[in-house]
Amino acid sequence: MKNAPARLLAEFLGVFFLCLFGIGAITNDAGLTGVALAHGFAIFIAISAFGHISGGHFNPAVTISLAVTKRIAAVDASAYIVAQLIGGAAAAAVANLVFGSFAGVPALGDGISVTTGVVIELIATFILMIVIMGSAVDSRGSFAVLGGLPIAMAIVGDIYWSGPATGAAMNPARWFGPALVAGDMSNAIVWIVGPIVGALLAVFVYDLVMKPETV
């Protein structure tokens, strides 16, 4: 991997920001709007600061989807995912140290089954990933002009509609880091399978239907 230290640090920091801002907002009772904006701000900042270094994945589901469609080499994707998972765990560890305990481990809402949770995370991540494809991956998109704004707004919107049901992780690393530190890995399938399948569907739909130029 060319420029590996910079690229892996960028992916680590992007997930670190996402998890730290999100956990902090939830732990400090910022409310749904505050939580949504905290996650959106984190991604907007991370993509604007580091997108030109690593491509701004900050999400194993995104990285897997781009690897499957040969937009990133499998070896590089594996390294990205490790950096992302460590970034999430580091953020949760910092939050735990600062607050003594923390909230923010994605969990199913009242009356939400595991199956429904998987579907919700799938849909939320599909929305996020297809926005990523249209605004950042497709060379016709607006990445150079708007940076991470459309992606950040997709995250904010997704959290508004699905946050109370599943925590709206849309990102295995956003779930893994806090879950690992908190020692609560229950219903892991929701935040692993849902986002990965949703991202893959979005990439295939975009490539097959919207026919982007070669990127």
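Take every Cα pair under 8 Å in the stretch 4-210 that's 6+ residues apart, average their separations, divide by the length, and report that relative contact order as a whole percent. Write down the numbers at each step before the final one.
Values: 351 pairs, mean separation 64.9, N = 207.
Relative contact order of the stretch 4-210: 31 percent.
Compute the helix-to-body angle for 188-205: its Cα long axis versus the longest principal axis of the chain, expressed 0 to 90° and rounded to tens.
20 degrees
Using the alpha-carbon atoms, what tilt in degrees (0 to 90, nearest 10) does helix 149-166 show relative to the longest principal axis of the chain?
40 degrees
In whole Å, what is the distance between the alpha-carbon centres of the stretch 66-141 and the stretch 1-28?
Going from one Cα centre to the other spans 11 Å.
Among Ile159, Leu149, Leu37, which residue has its Cα furthest toward the positive end of the charge dipole of the stretch 4-210, with +1 on Lys/Arg Cβ and -1 on Asp/Glu Cβ?
Going by the Cα projections, it comes out as Leu149.
Assuming R0 = 45 Å, can you tell me the calculated FRET efficiency for the pair Thr116 and Val209, based on Cβ-Cβ distance, to the nearest 0.05?
My answer for the efficiency is 0.95.
Since every read-out is calculated from the coordinates, none of them should be taken as a lab result. What you are looking at is a predicted structure, and each value in this text was computed from that prediction instead of being measured. Here the Cβ is made from the backbone with ideal geometry for all residues, glycine too, and neighbour counts use every protein chain on show.
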